[in-house]
1. Quick one: count up the residues across region 252-269 that are within 13 Å of the ligand (Cβ to nearest atom) and not aliphatic (A, V, I, L, M).
2. Taking A65 as meeting all but one of (1) within 15 Å of the chain's Cα centre (by Cα); (2) surrounded by fewer than 24 Cβ atoms within 10 Å (Cβ to Cβ), write down the number of the exception.
3. Out of the residues in region 306-356 meeting the condition of being touching an Asp or Glu at 6+ places or on another chain (Cβ under 6 Å) and surrounded by fewer than 19 Cβ atoms within 10 Å (Cβ to Cβ), tell me which one is nearest to A248 (Cα to Cα).
4. State all residues of region 99-120 that are within 18 Å of the chain's Cα centre (by Cα), in contact (Cβ under 8 Å) with a residue 12 or more places away in the chain and open to solvent by 50 Å² or more (accessible area, probe 1.4 Å); if no residue qualifies, say none.
5. On the basis of being closer than 22 Å to I85 by Cα, more than 8 Å from the ligand (Cβ to nearest atom) and crowded, with 22+ Cβ neighbours inside 10 Å, does M383 make the cut?
6. Can you pull out every residue in region 153-168 that is under 27 Å from the mean Cα position of the chain (by Cα) and aliphatic (A, V, I, L, M)?
7. Which count do you get for residues in region 68-79 that are open to solvent by 30 Å² or more (accessible area, probe 1.4 Å) and either within 16 Å of T178 (Cβ to Cβ) or more than 16 Å from the ligand (Cβ to nearest atom) (or both)?
8. I want to confirm something. Restricting to region 231-245 and keeping residues that are near the ligand (Cβ under 8 Å from one of its atoms) and under 20 Å from the mean Cα position of the chain (by Cα), which single residue is farthest from L56 (Cα to Cα)?
Amino acid sequence: MPLKERPFWLDTTSIPAGDPVVPLPETVDVAVIGGGFTGLSAALALSRRGAKVAVLEAETFGWGASSRNGGMVLTGLKKGPETLIARYGLETARRLYAASLASIDCVEQIVKAEGIACDFSRTGHLEVAVKAKHFEGFKRSAEMIAREFKHTVRVVEKKDLQTEIGSGIYHGGLVDETSAGLNPARYVAGLRQAAARAGAQLHDHTRVERIERRTGNAAYRIATSRGSLDTRAVFVATSGYTGNATPALQRRIVPIGSYIIVTEPLPEDIATTVSPRDRMIYDSKNFLYYYRLTPDRRMLFGGRAAFFPETANTVRKSAELLHQGMLSVYPILRDLRVEYVWGGTLDFAFDIMPHAGELDGLFYALGYAGHGVAMATYLGTKMAAVISGDAHANPFEGLPFPRAPLGLYNGRPWFLPLGAAWYKFLDWVC
Ligand SMILES: Cc1cc2nc3c(=O)[nH]c(=O)nc-3n(C[C@H](O)[C@H](O)[C@H](O)COP(=O)(O)OP(=O)(O)OC[C@H]3O[C@@H](n4cnc5c(N)ncnc54)[C@H](O)[C@@H]3O)c2cc1C
């Protein structure tokens with residue numbers, strides 16, 4: 001069977017398209033740009049509050065990272081507890097960490113309330129240490145998370161690791177039972193249906209080209225590839241695909257490629273050997289691998305095999321590199337056929353933190369850095385509350401949102417090859 005160069009998840013569901021002949025409304029309360037987890041969860045919450053909402057999606061709903069990810073619904077942020085406390089102080093760090101826990105509940109609550117059949121399951125996550133000193137760091141983190149954030153994560157010594165993972169290459173692990181897994185394409189399809197049921201108007205193949213400030217009742221006129229509309233408020237939910245329609249955000253977000261392969265279904269005895277507890281697994285490198293079993297027991301194995309956003313070329317190269325990576329973790333999978341490969345684009349802010357708030361009058365939430373299945377849903381929902389007038393609903397309110405040092409970035413990531421080399425170097429020495 002030839003290798004399929006498309007997300008495996010899209011072969012498990014179909015995401016309903018918009019109606020191409022339905023015209024754009026003349027005026028709305030809120031125009032949401034981007035139809036992934038962030039935009040659709042915001043549209044759902046805003047519509048439930050009675051706002052007239054239009055979601056404008058350049059491609060099809062879920063086309064971005066939301067249908068291409070690993071489906072890991074993870075607690076915590078990319079930055080660990082020590083960095084959070086050192087950077088923001090204890091009180092803010094507590095608020096941000098609590099938001100990461102609340103984000104899992106938020107996804108679960110929407111899945112239940114909207115009856116979304118997306119295999120949501122609280123199977124927990126396992127972080128594995130590629131070096132002994134990383135494992136020492138795990139112990140410090142676990143202690144700090146318990147003491148300062150009152151949350152329990154469990155350290156797993158190397159000698160006990162086979163109860164969690166069928167690989168002998170790691171120095172220990174850290175388990176958080178709160179995390180979950182889901183099928184992201186089914187989830188985003190369910191969010192789309194829920195937003196439509198709540199009354200949101202959904203327009204795909206509608207690229208926002210320009211946003212003009214107006215005076216009077218409608219604060220903005222939005223020019224799209226299918227005509228214009230007026231709106232009181234704009235919510236930008238474009239993540240790693242943020243472009244020049246919102247230049248101030250584009251300059252603050254670096255798009256970085258991430259890639260995934262999926263094998264044929266594993267025989268059950270091999271599936272239970274490689275992942276006895278069905279965890280969402282990722283390692284402690286900067287250039288990390290993340291992997292899990294899919295609900296139909298395939299191995300899904302991802303990583304930043306190339307730093308650049310996806311092209312046919314980077315996707316093909318990644319298939320080979322990730323296959324080698326998978327066999328270095330699990331030699332037992334050597335006879336398994338790889339059936340799928342695809343790539344998607346992550347959104348990194350310069351401080352590697354999520355950001356949500358208002359910039360130049362536009363509301364936004366983005367910067368999830370590969371940790372956005374839960375956080376995108378949560379911040380979409382929270383920003384809906386902010387837009388509706390609940391000024392302090394956003395736990396990330398007030399966090400500085402840095403631009404590149406010395407203004408060295410205009411939205412074109414010329415430094416990515418250097419960044420990739422730097423990360424590889426860090427993994428070698430740290
Ligand atoms: C390969 C991969 C694996 C990942 N794995 C995980 C994981 O396991 N766990 C986890 O927590 N996170 C993971 N992530 C990250 C997670 O998928 C994202 O953080 C999340 O999907 C972001 O959702 P979003 O709605 O903000 O953005 P997206 O889903 O990327 O949606 C943005 C949308 O905006 C649209 N758009 C852009 N510009 C315009 C415009 N001008 N007009 C109209 N529309 C526009 C795009 O077409 C796109 O559909 C992964 C990401 C990738 C790429």
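The values are calculated or read from the model by the stated rules, or taken from the named source; none is laboratory data. Predicted model, so just to flag it, every value in this text is computed and none were measured. For neighbour counting, all protein chains shown are included, and Cβ atoms are generated from backbone atoms with ideal geometry for every residue, glycine included. Heads up: the accessible areas ignore ligands, DNA and RNA and are worked out on the full protein's heavy atoms, side chains in. Shrake-Rupley method; radii C 1.70, N 1.55, O 1.52, S 1.80 Å.
1. 4
2. The number of the failed condition is (2).
3. Checking each candidate, the answer is E339.
4. D119
5. no
6. Across region 153-168, the qualifying residues are V153, V155, V156, I165.
7. Residues meeting the conditions: 0.
8. By that ranking, first place goes to G240.
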